[in-house]
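Chemist: One structure follows; several queries about it will come next.
Derivation of every value follows stated rules applied to the coordinates shown; laboratory data play no part. Please read these numbers as outputs of a predicted model, since none were measured by experiment. Glycine gets a Cβ as well: all are built from the backbone with ideal geometry, and neighbour counts include every protein chain shown.
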Amino acid sequence: MQYRAFLAALLLTTASPALSAEPTGEWLVEDGVARVRVEKCADKFWGVISWEKAPGGQDTNNPDPAKRTRPTLGMPILLGMTTAASEPNTWEGEIYNSRNGKTYSARIMLKQPDMLRVEGCLVGGFLCGGQNWTRVPPPPPQGRPPTPQQVQAALVDFCSKLPVLPGTTH
């Protein structure tokens, strides 16, 4: 009888497709200098700098002189990531690097539940570089948990602060 239960469980796990995960949450960048909050707005994932080790950073290398004094805290860096058709748990879009003021084609891959691989490439997919980001565990709950309406309102607020890229809406 135990053998049949084991066999049934094995068949169920091998016959069902792998569940897709999403990269939403708070991520610590590889060198530990910032955290990026990733959320899904409409059908795309966006990542915004949510914490800096050294507060007060500015986007001084932005090619647009009008943006060189904007704070890096709250700045979107993962831009419009959409599901990659070729690989599970992979999304493609763009990434902005405030250290050099450039935007690259990018992809993010959820390698493990607590590890996000982030890669940026020059045009055409050549000369790629990347980092592994680590998921930041959520803080322990304090007080009453938020209502579904509060959670939805926070997500709407998050998404409303993102730029609209040409040809996209959120």
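Chemist: When averaged across all projection directions, what area in nm² does the alpha-carbon convex hull of the stretch 20-137 cover? Working shown, then result.
Modeler: Values: hull surface 29.8 nm².
Spelled out: convex hull of the Cα atoms, projected over all directions, averaged, 7.5 nm².
Chemist: Report the local net charge at residue 86: Lys and Arg +1, Asp and Glu -1, summed over other residues whose C-beta lies under 12 Å from its C-beta. It would help to have the intermediate numbers written out before the result.
Modeler: Numbers: positive: 107; negative: 87, 92.
Once positives and negatives cancel, what remains is -1.
Chemist: Something else now. Could you compute the net charge surrounding residue 60? Neighbours are other residues with a C-beta less than 11 Å from the C-beta of residue 60; K and R count +1, D and E count -1. It would help to have the intermediate numbers written out before the result.
Modeler: Details: positive: 67, 68, 70, 99; negative: 59.
So the surrounding residues net to +3.
Chemist: I would also like to ask the following. Around residue 152, what is the net charge, scoring Lys/Arg as +1 and Asp/Glu as -1 over all other residues with Cβ under 15 Å from its Cβ?
Modeler: Net local charge, residue 152 excluded: -1.
Chemist: Roughly how big is the stretch 20-137's charge dipole about its Cα centre, with Cβ charges of +1 (Lys, Arg) and -1 (Asp, Glu), in debye to the nearest 20? Walk me through the numbers on the way to the answer.
Modeler: On the way: 14 positive and 14 negative charges, 55 e Å.
Charge dipole, the stretch 20-137, about its Cα centre: 260 debye, nearest 20.
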